[in-house]
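Inspection log for the structure reproduced underneath, given as structure tokens.
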Amino acid sequence: MSEVTVSAVIVTYNRLPLLKKAIQKVLNQRTQALKHLIIVNGASSDGTRAYLDTLSDRRLIVVHLSENVGGAGGFNQGMRQFYEKTSDEFVWVMDDDSMPSENALGKLLSMFEANPSAGWGASKVTWVDGNFAKMNIPGTMTGHRDRIYSGTENWVQIKNATFVSTIFKRELIKQIGLPQKEYFIWGDDMEFTQRASQQMSGYYVQDSIVVHESQFNAKPGDIVGEKLDARLPRYLYEYRNRILTSRRRHKRSKMLKTLVHSALDLLRTLLSPGVSYRGRKLLIIIKGTYRGLKFNPQIEYLS
């Protein structure tokens, strides 16, 4: 698919060493399809702005935000820049700790060539030790992930994925709008790809590989096992956001399942031995779930 064009988006906040590495990984893709790299800097205070201002690659579009709007706000802005400032056919999105292999983009594009009706796709995400990144396993249409963990198919249809090397067609963005910036952090990617899968099919691409250089290979939303005090506020967004994502599936069974999940987390936090910050965690689960019942920001659509 050498004739197609792609904009990559990297969202960053105070992780300059990782960002430098990620930029090179993206710019060094083997395919010539990459025409732009949009970097959204969420008001970093670690020298990121000064560094980005020294770069001269003509493919770069650098956006310095005046405040930290979280990953959700960054992806919202990055996709807006793609849609309004370029005419590229695809947008390829990731965090600043996403390290794509040199043919990761080419393999994603090969999937579209073989599946013309597809609207989006997601890479295989591993952690630094080569195992699957636990927080980045996409959801299959059947709900069973054996086809991803141990299957031999190169393309598996999926219903949601995280923003770690995920790609979307321009026309799909036009149809479904932008990621919800109000999510701030956690769950914006799942809500957005769920929205995407309701309009166009999406595929997991096994031979498109990206390494997620996160600090830990943790399961998503594991509040019971969380040990770091600084990460606790994120879980308030997790519980709030997942309620809205569930509501937007327009199925009572899905909403009930989400509420049961929150209730089970509450019980596990209350009853499991050795839980760090037990009281704070219980309050976070209750507050986040309650706020999610009223949380309803409007989706932004692009003209």
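Some points to look at:
- Selection status of Val275, of a type outside the set (Phe, Trp, Tyr), assigned by TED's automatic domain parsing to the domain that holds Pro17 and at pLDDT 95 or above: no
- Yes/no for Gly106 being under 18 Å from Ser208 (Cβ atoms), in the same structural domain as Gly151 (by TED's automatic domain parsing) and out of contact with any Leu (no Cβ under 9 Å at 6 or more places or on another chain): yes
- Scanning region 217-274 for residues that are among the hydroxyl-bearing types (Ser, Thr, Tyr) and more than 24 Å from Gln198 (Cβ to Cβ) gives Tyr235, Thr269, Ser272.
- Complete set of residues in region 83-99 that are in a loop (DSSP other than H, G, I, E, B) and either surrounded by fewer than 24 Cβ atoms within 10 Å (Cβ to Cβ) or not assigned by TED's automatic domain parsing to the domain that holds Leu19 (or both): Thr86, Ser87, Asp88, Glu89, Asp97
- Among all residues of region 143-153, there is none that is in contact (Cβ under 8 Å) with a residue 60 or more places away in the chain and in contact with a helix residue (DSSP H, G or I) (Cβ under 8 Å, 6 or more places away or on another chain).
- Among the candidates Asn136, Asn115, Asn154, Asn160, residue that is within 29 Å of Gln32 (Cβ to Cβ) and within 14 Å of the chain's Cα centre (by Cα): Asn136
- If you filter region 104-142 down to residues that are in contact (Cβ under 8 Å) with a residue 60 or more places away in the chain and of a type in the set (Phe, Trp, Tyr), you find that the one that is nearest to Asp207 (Cα to Cα) is Phe112.
- Of all residues in region 1-31, those satisfying the criterion of being β-branched (Val, Ile, Thr) and out of contact with any strand residue (DSSP E or B) (no Cβ under 6 Å at 6 or more places or on another chain) are Val4, Ile23, Thr31.
- Residue among Arg195, Arg240, Arg252, Arg248 that alone is touching a helix residue (DSSP H, G or I) at 6+ places or on another chain (Cβ under 9 Å) and over 20 Å from Gly74 (Cβ atoms): Arg248
- Hits in region 204-222 - residues which are out of contact with any strand residue (DSSP E or B) (no Cβ under 9 Å at 6 or more places or on another chain) and at negative phi: Gln215, Phe216, Ala218, Lys219, Pro220, Asp222
The values are calculated or read from the model by the stated rules, or taken from the named source; none is laboratory data. From a predicted model like this one, the values you see are computed outputs, not experimental measurements. Glycine also receives a Cβ, built like all others from the backbone with ideal geometry; neighbour counts cover every protein chain displayed.
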